[in-house]
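The structure appears right after this line, and notes come after that.
Just so you know, all these numbers are worked out from the coordinates, no wet-lab data involved. Predicted model only: the values in this text are computed from it and were never measured. Every residue, glycine among them, receives a Cβ derived from its backbone with ideal geometry; neighbour counts consider all protein chains shown.
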Amino acid sequence: MVLALSAHDIGSRVVVRRRVQTGERPLYTDLLGELTELTPTEVVILTSRGAVRVPVDEIHRAKPVPPRRGPTAREIAEVERAATRAWPPAELAWLGDWRLRAAEGYTGRANSALPIGNPGVPLSEAIDQVVAFYRERELPPQIDVPLPLATTVQRELIKAGWHEECAVRVQTVELDRLIAATDAIGSLATRPSPAAYALIEGRRGPLPEAARHVLTAVPTLSFCEYADSSGLLAMGRGSVTSGGHIDGEGARWLGLFAIETVPAARRRGLAQRVVGRLARWGREHGATKAFLQVESTNEAALELYAKLGFTTQHSYVRYRLY
């Protein structure tokens, strides 16, 4: 056994070769992830599929490895697919692999094209078809461009005169880590209460009928609400969706949306405890990771989520044609 690890390596990326069969022809498997615990008898590796405890006497070799430079195209696409299933538009059309989403203007995510994969036509023609789709519905043409996955689309949009509307960070965390970083509070329901709808409307204005579809049309869904005698103080929406090419395939992700606290109750830690309640619910429903999307200018939210262990996996830029 070569265990080239020490307490200084906790928090680092490591590779562990684990012996899974002994005898004349021993078999091994490799684990790659973050070293979170190291004791005289075992190590704990946080892999992409969750935490794995490995007894020291099963380790053939273990050593630190350089940190990753960034997510792969497959990993970005996985989160984007899970996210669009978690925030379903009232109308969904396909252009090859691209998704064209519409919901009477309720939120940019539900009223923009998602250019992942091959549109099945030349890029300039695909963009023209996106424009036609939204013009027919009297909606502004918008495309959410995941980066660096869709840089070719970005270049074409800039060349065609589209303008940047906003930049959004897509942040992720292992669910076990999120649970360890949070307490839990609030009651769960499959639909938002009238008070929750009112809180959402207070931020976004009157909701079109399509908004109720966006908010509730997910099979595995929960709203967490915390109230006292004065009324609703904080809420959040959680969903569990898959990131595979086909719905139901691939890893299951907890998506966090509509994390809201009324102004009078802010700075009391309610938001993180609502997130904690949803994290525990998500684990019960098979999720192993969590994601959320936050505008890059929302410094308060970014600070909160950093404390809970979220890091930016990638960003997307919303482009709009005026």
Mind sorting L302, L308 by how few other Cβ atoms lie within 10 Å of their own Cβ, fewest first? L302, L308
Relative contact order for the range 171-312 using alpha-carbon pairs under 8 Å, separation at least 6, rounded to a whole percent? 34
Spread of Cα-to-Cα distances over 20 Å intervals beginning at zero, given as percent, for the chain: 29, 52, 18, 1
Just report the Cα centroid separation between the range 219-265 and the range 47-113, whole Å. 17
With T = 37 °C, eta = 0.692 mPa s and Kirkwood Rh from C-alpha pairs, the Stokes-Einstein D of the range 10-135 in µm²/s is about 180
From Cα pairs below 8 angstrom and at least 6 apart in sequence, can you work out the relative contact order of the chain, rounded to a whole percent? 20
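Go through 177-190, 271-284 and give me the packing order, highest mean Cβ count within 10 Å leading. Don't skip to the answer; put the middle values down first.
Working: 177-190: 16.6, 271-284: 22.9.
By packing density, highest mean first, the sequence is 271-284, 177-190.
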With 10 angstrom as the radius, rank C166, C224 by how many other C-beta atoms surround their C-beta, starting from the fewest. C166, C224
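In deg cm²/dmol and to the nearest 500, what is the mean residue ellipticity at 222 nm of the chain if only DSSP H runs of at least 4 residues count, each as -39500 (n - 2.57), divided by the residue total?
On the way: 8 runs with 86 residues, N = 322.
When only DSSP H runs of four or more count, the value is -8000 deg cm²/dmol.
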Place a +1 charge on the Cβ of each Lys and Arg in the range 2-64 and a -1 charge on the Cβ of each Asp and Glu, then give the dipole magnitude about the Cα centre in debye, rounded to the nearest 20. 220
Descending packing, highest mean Cβ count within 10 Å first, for 287-299, 257-269, 81-93 is 81-93, 287-299, 257-269
Using amide H atoms built in the peptide plane, which far-off residues or other-chain residues are under 5 Å from H60 H to H? R17, R18, R19
Taking θ = phi - 60°, what integer Hz values does the Karplus form 6.51 cos²θ - 1.76 cosθ + 1.60 yield along the range 298-314, in sequence order, with x for Gly and Pro? 8, 5, 5, 5, 4, 5, 4, 5, 5, 5, 8, x, 6, 10, 6, 7, 7
Two-decimal Rg/Rh across the range 232-275, once Rg and the Kirkwood Rh are taken from alpha-carbon atoms: 1.20
Which of the aspartates and glutamates could a cross-linker span from K63 if the Cα-Cα distance has to be under 20 Å and same-chain partners fewer than 8 positions apart are dropped? D9, D30, E34, E37, E42
Which GluC sites (Glu not before Pro) from the range 1-77 combine a DSSP loop assignment with at most 13 other Cβ atoms within 10 Å? E24
How would D228, D128 line up from fewest to most surrounding beta-carbon atoms within 10 angstrom? D228, D128
